[in-house]
Amino acid sequence: MARVKRAVNAHKKRRTILEGASGYRGQRSRLYRKAKEQMLHSMQYAYRDRRDKKGDFRQLWITRINAAARANGMTYNRLIQGLRLAGIEVDRKILADLAVNDATTFASLVEAARAALPATEAAA
Amino acid sequence: MRTYNPKPGEIERHWHVIDASDVVLGRLATHAATLLRGKHKPVFAPHVDTGDFVIIINAGKVALTGNKRQTKVAYRHSGYPGGLKQVGYDELLTKRPERAVELAVKGMLPHNRLGRQLIRKLKVYPGAEHPHAAQQPVPFEIKQIAQ
């Protein structure tokens with residue numbers, strides 16, 4: 001049976017951790033023990049934040065849509081309500097992109113939403 | 001499709017003048033903070049300064065509600081033991097009204113490096129004069145969109 005020397009794998013394990021921790025602050029990029037502890041946390045944060053990223057972007061799109069809607073004299077809340085009543089299924093990602101790159105199309109969507117709102121709520 | 005990400009060079013910055021006469025301090029500050037952060041623009045991004053410049057004139061005529069003029073106190077600390085200084089808003093608004101407005105706006109901006117960068121675009125003057133005529137600032141009216 002082939003002989004396995006332990007040092008090869010031990011070195012490889014430490015090298016992988018230290019390479020992963022490169023760029024970290026202070027001891028955390030230099031000492032194996034500190035780097036290992038930090039990598040355990042970093043992987044957890046990365047896993048969590050890949051999921052949080054979906055919500056973060058939705059939040060940003062809503063902020064941008066609200067800014068563009070207010071420039072057209074309407075709040076985000078009423079815009080979404082109006083679009084739903086008008087049966088316009090444009091999602092927030094596309095709405096936000098229109099707000100940045102195509103203001104005229106966005107304005108026409110605002111008008112469509114305004115037309116679909118009941119008269120009492122469409123005021124101003 | 002990628003979400004738009006503003007580059008430092010491509011942000012248009014405008015100048016706004018807000019007349020603070022008889023405007024309630026906090027309500028003035030929310031509008032100033034929105035403009036400074038750029039939350040009124042569709043290109044807003046939380047990690048970049050996308051905002052405009054804001055000039056506030058007549059800061060000395062700003063209004064406080066209730067009895068805050070008598071009771072509200074501004075604190076600061078020198079760092080030395082016993083170094084807590086305090087000044088009431090009645091005194092602050094007569095001596096340095098621009099400081100009162102700056103404090104109110106600063107509290108509504110992010111408390112980080114970006115926030116400290118944003119506050120530098122705010123220019124407050126106690127009287128009706130301001131030296132930024134060359135920037136051709138546009139008067140900003142405080143109004144609310146009805147729901």
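The values are calculated or read from the model by the stated rules, or taken from the named source; none is laboratory data. Given the structure is predicted, the values throughout are model-derived calculations rather than measurements. Please note: Cβ atoms are built from the backbone with ideal geometry, for glycine as well, and neighbour counts cover all protein chains shown. Surface accessibility is based on the protein's heavy atoms, side chains included, excluding ligands, DNA and RNA. Shrake-Rupley method; radii C 1.70, N 1.55, O 1.52, S 1.80 Å.
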Let me spell it out: the conditions are (1) of a type in the set (Ser, Thr, Tyr); (2) open to solvent by 50 Å² or more (accessible area, probe 1.4 Å); (3) over 30 Å from A:ARG14 (Cβ atoms), and A:TYR47 meets all of them except one. Which number is the exception? (3)
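Here's the yes/no breakdown for (1) in contact (Cβ under 8 Å) with a residue 12 or more places away in the chain; (2) surrounded by fewer than 14 Cβ atoms within 10 Å (Cβ to Cβ):
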site	(1), (2)
A:ASP52	no, yes
A:GLN59	no, yes
A:GLY73	yes, yes
A:GLN81	yes, no
A:GLU89	no, yes
A:LEU95	yes, no
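Counting only residues that are open to solvent by less than 50 Å² (accessible area, probe 1.4 Å), give me the helices (runs of 4 or more DSSP H) lying completely in segment B:66-113 with at least 3 of them.
On the way: elements: B:68-71, B:89-95, B:97-106.
The helices (runs of 4 or more DSSP H) meeting that bar are B:89-95, B:97-106.
Here is a check on your reading of the model: is A:ALA103 in contact (Cβ under 8 Å) with a residue 12 or more places away in the chain, surrounded by fewer than 15 Cβ atoms within 10 Å (Cβ to Cβ), of a type in the set (A, V, I, L, M) and within 14 Å of chain B (Cβ to nearest Cβ)?
For A:ALA103, the condition - in contact (Cβ under 8 Å) with a residue 12 or more places away in the chain, surrounded by fewer than 15 Cβ atoms within 10 Å (Cβ to Cβ), of a type in the set (A, V, I, L, M) and within 14 Å of chain B (Cβ to nearest Cβ) - is met.
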Hits in segment B:25-44 - residues which are open to solvent by 20 Å² or more (accessible area, probe 1.4 Å) and part of a helix (DSSP H, G or I): B:GLY26, B:ARG27, B:THR30, B:HIS31, B:THR34, B:ARG37
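Out of curiosity, is B:VAL48 more than 19 Å from B:VAL124 (Cα to Cα), open to solvent by less than 50 Å² (accessible area, probe 1.4 Å) and at pLDDT below 95?
For B:VAL48, the condition - more than 19 Å from B:VAL124 (Cα to Cα), open to solvent by less than 50 Å² (accessible area, probe 1.4 Å) and at pLDDT below 95 - is met.
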Taking segment A:110-124 and keeping residues open to solvent by less than 40 Å² (accessible area, probe 1.4 Å) and within 13 Å of another protein chain (Cβ to nearest Cβ) leaves A:VAL110, A:LEU117, A:ALA122
Going through segment B:63-114 one residue at a time, which ones are under 12 Å from B:LEU25 (Cα atoms) and among the polar types (S, T, N, Q)? B:THR65
Inspect all residues belonging to segment B:11-23 and state whether any of them is open to solvent by less than 50 Å² (accessible area, probe 1.4 Å), under 30 Å from A:GLY73 (Cα atoms), charged (D, E, K, R) and touching a strand residue (DSSP E or B) at 6+ places or on another chain (Cβ under 8 Å). no
Considering each of A:ASP56, A:ASP52 in turn, give the residue that is closer than 30 Å to A:GLU19 by Cα, within 11 Å of another protein chain (Cβ to nearest Cβ), of a type outside the set (Lys, Arg) and within 22 Å of the chain's Cα centre (by Cα). A:ASP56
Every listed condition ((1) surrounded by 11 or more Cβ atoms within 10 Å (Cβ to Cβ); (2) over 16 Å from the mean Cα position of the chain (by Cα); (3) small (Gly, Ala, Ser)) holds for B:ALA63 save (2)
